[in-house]
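The values are calculated or read from the model by the stated rules, or taken from the named source; none is laboratory data. The structure presented is a predicted model; accordingly, all values stated were derived computationally and were not measured. Here the Cβ is made from the backbone with ideal geometry for all residues, glycine too, and neighbour counts use every protein chain on show. Remember, those area values only see protein heavy atoms, side chains included, never the ligands or the DNA or RNA. Shrake-Rupley method; radii C 1.70, N 1.55, O 1.52, S 1.80 Å.
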Amino acid sequence: MSVAAEPKASARVRILRAMMSLDDHRSVQEHTVDEIARLAGVAKGSVYYHFSSKESLVREILVHGAAEMKALMDGLHEPGATDDDARAGFRRQVAAAFGFLGEHPSFTGLVAFALAQREGDGSHQLRAEKEAIVSLLADRIEHLEHSRQGESVTPRHTLEIAATALLSSAVTLCIERMTVHQDWTVEACVDALLRIATSEPRFRRPGGGRRSGAPERF
């Protein structure tokens, strides 16, 4: 089948995936329509057909990437898992999400940009997609807490703060690995992310219990 004869949805997805994977340190806006079409393996007219502007393409890259990452994590999520199985499952999800960010540098850059947006900046779609990713991560942290304690005792806004820290750290580590620290292994980065996401503010009590303050190792 020729490129021009590809189903419309397939062409759209090919464009989005090609743009998500850009790693030449240029933004989507800096690529010409001819370059976008060539990288995606589609006809130039398909780019104009599916995206009204480069701004629209940028928004859709974030929407599509967030959906793909969610599907990846959902496929590894085990709602009924308890304790050790839940921990192992959470690690697999974090590793998969981190790998996804590493494979899609342009998408990762957009997430970083979305994290830096303020209220009133006008990028409502970018903030909405960032908040959707944060909510997903908060759900997974909450499930892990529930599996360990039989219930979730952490307030939702605290879970969302932890999820934002996890997402910000994952993006930062990915960018560092791509630009400066190629020697950092994925496993080491995932270990660091798990420490951020799962350490609990508790101290050992003098008699052996735990109090608020010191981290519990994952």
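Of note:
- Of the listed requirements (1) open to solvent by less than 40 Å² (accessible area, probe 1.4 Å); (2) within 30 Å of ASP139 (Cβ to Cβ); (3) assigned to a helix (DSSP H, G or I); (4) of a type outside the set (Lys, Arg), LEU22 misses just one: (3).
- Conditions (1) open to solvent by less than 30 Å² (accessible area, probe 1.4 Å); (2) more than 25 Å from ALA128 (Cα to Cα); number of the one not met by ALA88: (1)
- Those residues of segment 28-71 which are in contact (Cβ under 8 Å) with a residue 24 or more places away in the chain and of a type in the set (Ser, Thr, Tyr), in sequence order: SER46, TYR49
- Residue in segment 133-146 that is surrounded by fewer than 19 Cβ atoms within 10 Å (Cβ to Cβ), at pLDDT 90 or above and either in a helix (DSSP H, G or I) or touching a strand residue (DSSP E or B) at 6+ places or on another chain (Cβ under 9 Å) (or both) present: yes
- No other residue among VAL58, VAL28, VAL42 is open to solvent by less than 30 Å² (accessible area, probe 1.4 Å), among the aliphatic types (A, V, I, L, M) and modelled with pLDDT of 90 or more apart from VAL42.
- The set of residues from segment 66-85 being open to solvent by less than 20 Å² (accessible area, probe 1.4 Å), touching a Lys or Arg at 6+ places or on another chain (Cβ under 9 Å) and modelled with pLDDT of 90 or more comprises ALA66, MET73.
- Annotation: of all residues in segment 154-181 being in contact with a helix residue (DSSP H, G or I) (Cβ under 7 Å, 6 or more places away or on another chain) and of a type in the set (S, T, N, Q), the one that is nearest to VAL111 (Cα to Cα) is SER168.
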